[in-house]
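Colleague: The structure that follows is given in the form of structure tokens.
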Amino acid sequence: MAKDIQRFSLPSRTLISRIEEELESVLRSEDAVAEIGVHLWRSGGKRLRPLLTFLSAQLFCPGDEVMLQPVLRVAAATELVHMATLVHDDILDEASFRRGYPTVSALWGDQTAVLAGDALLARALVLLADNAPQIVVRWMSQMVYDMCEGEVYQQQTRFNLQQTEETYRLRIEKKTGRFLAACCQAGAFMGGATAEQVETARQFGLHLGLAFQITDDVLDIDGDPELMGKPVGSDLAEGILTLPVLRALQVDKGEPPLAQLLRPDTDLHLRPDHVQEILARVRKTDGVSYTLRQVESELRLAQQYLQALPEGEARDQLTALLGQMGHRRT
């Protein structure tokens with residue numbers, strides 16, 4: 001966790017330390033999955049979702065520890081949901097490592113990993129039910145459904161060369177954008193924001209989430225595998241066509257046609273030599289630069305919504321987070 005937390009400002013690092021303590025307390029209290037939960041906690045992460053949840057509340061009730069205590073538990077719940085999705089993703093991807101640590105499925109097997117992911121999700125829902133108003137529980141439950149729907153759609157469209165930028169955007173909105181939107185929405189509501197301010201916070205989180213996911217998709221094409229803790233081209237090998245690849249399909253004029261290289265083997269994977277050739281071809285087009293311009297556009301929109309929210313330390317931290325998002329390498 002140490003190398004992840006260092007990228008944040010000192011106030012954010014202090015807040016993340018509080019989130020870490022809450023997570024450790026929650027995960028160690030679950031006997032059946034305690035060992036797995038602690039392994040996931042020690043594997044680290046950006047803690048972006050709980051950070052957004054708490055800061056969105058702090059915008060409206062800075063220094064009110066009584067009001068912010070249940071928000072901290074809701075923030076921890078968002079990270080548990082995220083952990084659950086990562087456990088399930090690693091099973092689907094047959095991944096052995098994440099962030100340089102062995103995955104749950106690699107250590108305990110797929111069956112235990114499925115159950116552990118389900119247990120983490122259930123624990124998150126209990127935390128939400130115990131600490132959040134009913135409307136927040138509903139928002140978060142709908143977000144989980146949308147996220148699962150996005151993942152199902154992603155599986156159904158593997159190697160589908162007929163995808164458009166519009167369908168790509170809807171997929172990543174459901175997978176990631178709406179999660180970060182719900183975090184900001186829930187935090188703002190629990191902090192005492194008006195309905196208009198809650199919607200503004202939601203829009204901020206949505207566009208931040210889109211920028212986050214689109215950046216992830218750039219890193220799968222042009223990232224540093226040592227920094228990311230996984231090979232470049234992992235999504236591509238699975239037939240997940242991201243924006244840089246979709247753009248390259250439109251503009252690449254090389255031979256053989258890029259579409260021909262994107263034909264899977266019988267096990268619905270790309271051959272390693274094809275992955276490397278496709279990566280090289282995509283990098284020769286404007287696929288990466290085109291996609292990075294989309295990231296910049298989403299960050300500008302997020303900034304516009306953020307500027308409409310109350311000034312103060314919380315907004316300063318969110319502004320700093322936006323700046324860091326534009327320079328992500330992991």
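Colleague: Take the residues in segment 261-285 that are part of a helix (DSSP H, G or I) and without any contact (Cβ under 8 Å) to a residue 24 or more places away in the chain, then tell me which one is nearest to G223 (Cα to Cα).
Modeller: So the residue we want is A280.
Colleague: Which residues, counting only those in segment 54-111, are among the basic types (K, R) and at pLDDT 90 or above?
Modeller: Answer for segment 54-111, where residues must be among the basic types (K, R) and at pLDDT 90 or above: just R73.
Colleague: Under 6 Å between Cβ atoms, at least 6 apart or on separate chains: pull out the pairs that start in segment 101-118 with a residue that is assigned to a helix (DSSP H, G or I) and end on any residue that is hydroxyl-bearing (S, T, Y).
Modeller: As it stands, the answer is A106/S96; A113/S105, since those pairs meet every condition given.
Colleague: Say we look at segment 213-270 and pick out the residues that are within 26 Å of the chain's Cα centre (by Cα) and of a type in the set (G, A, S); which of these is modelled with the lowest pLDDT?
Modeller: Top of the filtered list is G229.
Colleague: Now for a different question. Got a number for residues in segment 19-64 being of a type in the set (A, V, I, L, M, F, W, C) and either surrounded by fewer than 17 Cβ atoms within 10 Å (Cβ to Cβ) or over 21 Å from R99 (Cβ atoms) (or both)?
Modeller: Number satisfying all stated conditions: 9.
Colleague: So, one more: Tell me, which helices (runs of 4 or more DSSP H) wholly within segment 156-260 include 1 or more residues that are in contact (Cβ under 8 Å) with a residue 12 or more places away in the chain and more than 30 Å from P70 (Cα to Cα)?
Modeller: Passing ranges, in order: 165-172, 195-222, 225-228, 234-237, 243-251.
Colleague: Still on this structure, I have one more. Just the residues that are touching a residue at least 24 places away in the same chain (Cβ under 8 Å) and touching a helix residue (DSSP H, G or I) at 6+ places or on another chain (Cβ under 7 Å), please, taken from segment 308-319.
Modeller: Hits for segment 308-319 are A308, L309, E313, A314, R315, Q317, L318.
Colleague: While we're on this one: Filter segment 108-154 down to residues that are of a type in the set (V, I, T) and either farther than 22 Å from A32 by Cβ or surrounded by 14 or more Cβ atoms within 10 Å (Cβ to Cβ) (or both) and give me whichever is nearest to the chain's Cα centre (by Cα).
Modeller: Checked segment 108-154; the qualifying residue nearest to the chain's Cα centre (by Cα) is V144.
Colleague: With respect to the numbered conditions (1) crowded, with 20+ Cβ neighbours inside 10 Å; (2) outside any loop (DSSP other than H, G, I, E, B); (3) touching a helix residue (DSSP H, G or I) at 6+ places or on another chain (Cβ under 6 Å), which one is the sole condition not fulfilled by L301?
Modeller: If we test L301 against (1) crowded, with 20+ Cβ neighbours inside 10 Å; (2) outside any loop (DSSP other than H, G, I, E, B); (3) touching a helix residue (DSSP H, G or I) at 6+ places or on another chain (Cβ under 6 Å), just (1) comes out false.
Colleague: Which residue is farthest from D217 (Cα to Cα), if the candidates are limited to segment 286-298 and must be crowded, with 19+ Cβ neighbours inside 10 Å and of a type in the set (S, T, N, Q)?
Modeller: The selected residue is Q294.
The values are calculated or read from the model by the stated rules, or taken from the named source; none is laboratory data. A quick note: this is a predicted structure, and the numbers were derived from the prediction, not measured. Backbone-built Cβ (ideal geometry, glycine too); neighbour counts: all protein chains shown.
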